[in-house]
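To start, the structure itself, in structure tokens.
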Amino acid sequence: MPRATSDARLLIQSLSKAYAATPTNLKIIDMYVVFAVATALIQVGYMGLVGSFPFNSFLSGVLSCIGTAVLAVCLRIQVNKDNKEFKDLPPERAFADFVLCNLVLHLVIMNFLG
Amino acid sequence: LKETSASPPPLLFLLSPHPPELCFSAAMPQTQSSTAASGGGGRLRDAFGGVLCAFTLLLIGLLAFSIRLFSVIKYESVIHEFDPYFNYRVTQFLSKNGVYEFWNWFDDRTWYPLGRVIGGTVYPGLTLTAGTIWWLLNSLNIPLSVETVCVFTAPIFSANASWATYLLTKEARGPGAGLMAAAILAMVPSYISRSVAGSYDNEAVAIFALIFTFYLYVKTLNTGSLFYAALNSLSYFYMVCSWGGYTFIINLIPMHVLLCIVTGRYSSRLYIAYAPLIVLGTLLAALVPVVGFNAVMTSEHFASFLVFIILHVVAMVYYIKGLLTPRLFKVAMTFVITVGLAVCFAVAAVLIALVASSPTKGWSGRSLSLLDPTYASKYIPIIASVSEHQPPTWPSYFMDINVLAFLSCFLPLSDASSFLVLYLVTSVYFSGVMVRLMLVLAPAACILSGIALSGAFSVLTRSMKFQRQTSENAGDGSSNALANSETASKEKPSKKNRKRDKDSEGSSPADHMTEEKLLVLPCGPAAVGIMLLIILSGFYVIHCVWAAAEAYSAPSIVLTSRSHDGLHVFDDFREAYGWMRHNTDVDDKVASWWDYGYQTTAMANRTVLVDNNTWNNTHIATVGTAMASPEKEAWEIFSSLDVKYVLVVFGGLIGYPSDDINKFLWMVRIGGGVFPHIKEADYLRDGNYCVDAHGTPTMLNSLMYKLCYYRFVETDGKGFDRVRRYEIGKKHFKLTHFEEVFTTHHWMVRVYKLKPQKNRVRGKLKLKPAGRSSSKANSMRKIGGKKNPWQ
């Protein structure tokens, strides 16, 4: 048991140390992802309180949060300098793709919100 | 996310596009000298190759368009079969009234007295596409009618589909294979059967959308670009709009992602290809009214969500693995697994309880009948009775995809080709369940055999080219074959003359990331191989053209037959619908079996009780019961539904086998499924279905028998039925509750009118109708049959 807790503490320490080494722009994207997922969870909690009518609004709200989180993760993949697959993709292009996909996503959301 | 520490096998180089020389060698065997390696010569060759590719694609598109025009040439530019007439009617409405009216249209001319919400129950892709084309052409002052646009939509989109096949195969293998696959798809009979000019059905645009969606998915997987992911979602949206078969895509792609994860091919491009598609795709699918909330609530979509979660878990695992040292990672894994398994079990238990509570486990009836082929025949006779839902026979495989059944190649194995293999295997399974789904198998078969043929051709032509250039032997040893098809086994490899291609000229073997030596054969067998392959392709082309001309071009609304005294044309269907259009009131209701519902509403413009949509089993069972009951009971059922005319199709005079007497047993089965007083055994004599003198009295008294054979004995004096091939049982009888108003020229369609009730009832049975029905009930109980719900 004590070995488990010390292992767990060591684990968390090394995780946080390794994470602190990531560049700032990636950390910003990570914060955005956390914010989006938290918003989705709040919406699900609210739905649990008041019921799911109208269902299409609930779906569009939750899926827009999850969608923008997923797109942000894709952006992070493409912008990360450690990723050898994307080393000749300029980050401006990655960001432009991100904006385009978000536009499509939010257009669909606006349509579905009801 | 960082790149994975356990990198996938070094196959990334294979994803780089092949040089245009491959396009060259597949197109023409004699190429320019390969020693023109200067930059200018190379660019000129590239440009020439590109132009040749484009020109070949144009020819392939023309081929796909023109091979489907046989029906227009042999018959006329008319809409075929049954379902296309409904789509045609909807397109007419759309072109006349605009999009908003179309979305909100409630159709009261069908399923009387229930009506049908068209906006919410139709897949709008096809009608919107054709409507857009019509509107575009008319705004350019090209005055094509709606019917012309509808008839030619399918050939246009089959040309588009072959171009999409070129793109997909080019992504998976290279331009040469792409051209081959596109040419094969342009002609494959199973696709022609559903997309001939005049077959205005959902599959005409849906197959194009399917291939194009797969192409964009493979392209996103290969390039990892979010732009293509967005395009992929939009193309998936178009597919959802077009066809109910979109569930194939939304289950195949998760299967492929799972396969990639399990075989260790996880990469960040996989995440980019899959995750945005699921989120955007689900939203877009939910936008289409006919799918609606089914996009998140039915079992058909659960696989995609499950794999979505699994993918995120795997991505997180790879990310953490990159952050930590291996020892700490092991600690993290043990910790996560113990907690994670507990959570997983809880969630799975909840999910299983939810799903098990619904009787069909969340799947719709049609999907269940695909997964369990015996489901439909046990529970839903309507689905089992549709002819295109029967399992195919072995010869139909050869008829529909011909030699492609024996050609297939998927080396080298990459993400894209593993996807194609999975596509082929699943579509083979589903085509074995339902003959209609041979159509989904066709593109897979075409692509893989295109790769095989192109590979074979490139090996053979390279052999011939290389034999002519070099004369010294420089090599020994075996090598891997590039083409793995059965036809390659026709070539006789000889160990002595194997040479090493180009490795001797260019970089040293250590530069190549694999030890793949390219196979080169001696000149003689290579030439023989090329000849044989060309002959094989020639057989394929001949078969396709024959199938298109003879087997799949019949519009089935006009029939022809050749006899010694020339060509007979049977236009009885349109004759009957035209008569009804001009000789009945606009508000009259017509009752017939559901096969003819769409045609009746579209051509005769009358309200029908049941049509090909078959969404209400009880209503169809009502009509079936009426057809199977004696005259009086049938009259009462029909008059309770305000029916004025009854239509039957009868083929006994000319030998047309798909008439209502042959479909009658299905009417009995479906009616008996809902109303138990109709028992199938009553209509069979010793288990045989017959309408001659041995027929059971229930059979010979049924409305269908009477309406079909009324006055039939007057045609030849004996009443010989040319379809059943015997004389009928009851020859001379009168109709008491119906009167014949129209019979077409060849007796194929017969229209009857319900006689109005008598004003005055004579005899013992006085004015009270209750008295009449009570005596009827007494007589029924005397016979001992089940209680008839209409009395």
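The values are calculated or read from the model by the stated rules, or taken from the named source; none is laboratory data. In this text, all values refer to a predicted model and were calculated from it rather than measured experimentally. Every residue, glycine as well, gets a Cβ built from its backbone with ideal geometry; the counts of neighbours run over all protein chains shown.
Observations on the structure shown:
- Residue satisfying all of: in the stretch B:313-328; assigned to a helix (DSSP H, G or I) and facing another protein chain (nearest Cβ under 9 Å); surrounded by the fewest Cβ atoms within 10 Å (Cβ to Cβ) among these: B:Gly322
- Among residues of the stretch B:431-445 that are more than 12 Å from B:Gly245 (Cβ to Cβ), those with a Cβ under 6 angstrom from a residue that is not in a helix (DSSP H, G or I), sequence gap 6+ or separate chain, pair up as B:Val433/B:Pro373; B:Val435/B:Gln390; B:Val435/B:Pro392; B:Ala442/B:Val188.
- Against the test of being part of a helix (DSSP H, G or I), over 20 Å from B:Ser396 (Cα atoms) and modelled with pLDDT of 85 or more, the options B:Ser454, B:Ser427, B:Ser449 yield a single qualifying residue, B:Ser454.
- Being surrounded by 11 or more Cβ atoms within 10 Å (Cβ to Cβ), under 21 Å from the mean Cα position of the chain (by Cα) and more than 10 Å from chain B (Cβ to nearest Cβ) holds for only one residue in A:Tyr19, A:Tyr32, and it is A:Tyr32.
- Among the residues of the stretch B:66-114, the one identified as in contact with a strand residue (DSSP E or B) (Cβ under 7 Å, 6 or more places away or on another chain) and of a type in the set (Asp, Glu) is B:Asp107.
- Complete set of residues in the stretch B:664-679 that are surrounded by fewer than 19 Cβ atoms within 10 Å (Cβ to Cβ) and either in a loop (DSSP other than H, G, I, E, B) or among the hydroxyl-bearing types (Ser, Thr, Tyr) (or both): B:Pro676, B:His677, B:Lys679
- Comparison of B:Leu283, B:Leu287 shows that the only residue that is in contact (Cβ under 8 Å) with a residue 24 or more places away in the chain and either in contact with a Phe, Trp or Tyr (Cβ under 8 Å, 6 or more places away or on another chain) or not hydrophobic (A, V, I, L, M, F, W, C) (or both) is B:Leu287.
- Take the conditions (1) closer than 20 Å to A:Val104 by Cα; (2) touching a residue at least 60 places away in the same chain (Cβ under 8 Å); B:Met255 misses just one of them, which is (1).
- For the stretch B:539-573, a residue qualifies if it is touching a Lys or Arg at 6+ places or on another chain (Cβ under 9 Å), of a type in the set (Ser, Thr, Tyr) and not in a loop (DSSP other than H, G, I, E, B), and exactly one does: B:Thr560.
- Qualifying residue in the stretch B:179-201 (condition: among the aromatic types (Phe, Trp, Tyr) and surrounded by fewer than 24 Cβ atoms within 10 Å (Cβ to Cβ)): no
- Flag for B:Gly50 being surrounded by 15 or more Cβ atoms within 10 Å (Cβ to Cβ) and either in contact (Cβ under 8 Å) with a residue 60 or more places away in the chain or assigned to a helix (DSSP H, G or I) (or both): no
- So A:Lys27, is it surrounded by fewer than 14 Cβ atoms within 10 Å (Cβ to Cβ), over 28 Å from A:Asn111 (Cα atoms), within 11 Å of chain B (Cβ to nearest Cβ) and not polar (S, T, N, Q): no
- The stretch B:257-267 - residue that is β-branched (Val, Ile, Thr), surrounded by fewer than 21 Cβ atoms within 10 Å (Cβ to Cβ) and assigned to a helix (DSSP H, G or I) and, of those, nearest to the other protein chains (Cβ to nearest Cβ): B:Ile261
- Being modelled with pLDDT of 90 or more, out of contact with any Gly (no Cβ under 7 Å at 6 or more places or on another chain), within 7 Å of another protein chain (Cβ to nearest Cβ) and not in a loop (DSSP other than H, G, I, E, B) is a property that holds for A:Val104.
- Residue that is nearest to the chain's Cα centre (by Cα) [pool: residues in the stretch B:562-580 that are more than 18 Å from B:Phe82 (Cβ to Cβ) and surrounded by 10 or more Cβ atoms within 10 Å (Cβ to Cβ)]: B:Val569
- Subset tally (residues that are more than 14 Å from chain A (Cβ to nearest Cβ) and assigned to a helix (DSSP H, G or I)) for the stretch B:226-256: 13
- Residue selected from the stretch A:80-101 under the condition at the interface with chain B (Cβ under 8 Å from one of its Cβ atoms) and over 13 Å from B:Leu226 (Cβ atoms), by the criterion surrounded by the fewest Cβ atoms within 10 Å (Cβ to Cβ): A:Lys84
- Test for A:Thr39: is it surrounded by fewer than 18 Cβ atoms within 10 Å (Cβ to Cβ), farther than 30 Å from B:Ala285 by Cα, among the polar types (S, T, N, Q) and without any contact (Cβ under 8 Å) to a residue 60 or more places away in the chain: no
- Pick from the stretch B:86-123, criterion in a loop (DSSP other than H, G, I, E, B) and farther than 20 Å from B:Arg606 by Cβ, ranking: nearest to the chain's Cα centre (by Cα): B:Tyr123
- Meets criteria (within 16 Å of A:Ile66 (Cα to Cα), out of contact with any Lys or Arg (no Cβ under 7 Å at 6 or more places or on another chain) and modelled with pLDDT under 90) for B:Ile278: no
- Among the residues making up the stretch B:283-306, a single one is surrounded by 22 or more Cβ atoms within 10 Å (Cβ to Cβ), more than 10 Å from chain A (Cβ to nearest Cβ) and closer than 24 Å to B:Asn222 by Cβ: B:Ser304.
- Sole exception among (1) touching a Lys or Arg at 6+ places or on another chain (Cβ under 7 Å); (2) without any contact (Cβ under 8 Å) to a residue 12 or more places away in the chain for B:Gly115, by number: (1)
- Members of the stretch A:48-79 that are away from chain B (no Cβ under 13 Å) and either closer than 24 Å to B:Arg269 by Cβ or assigned to a helix (DSSP H, G or I) (or both): A:Gly48, A:Leu49, A:Val50
- Flag if B:Leu280 is within 30 Å of A:Ser16 (Cβ to Cβ) and either buried (at least 18 other Cβ atoms within 10 Å of the Cβ) or more than 10 Å from chain A (Cβ to nearest Cβ) (or both): no
- The single condition from (1) within 14 Å of another protein chain (Cβ to nearest Cβ); (2) not in a helix (DSSP H, G or I) that B:Leu270 fails is (2).
- Among the residues listed as B:Asp659, B:Asp682, B:Asp642, the single one being in contact (Cβ under 8 Å) with a residue 12 or more places away in the chain, over 26 Å from B:Gly597 (Cα atoms) and either assigned to a loop (DSSP other than H, G, I, E, B) or not hydrophobic (A, V, I, L, M, F, W, C) (or both): B:Asp682
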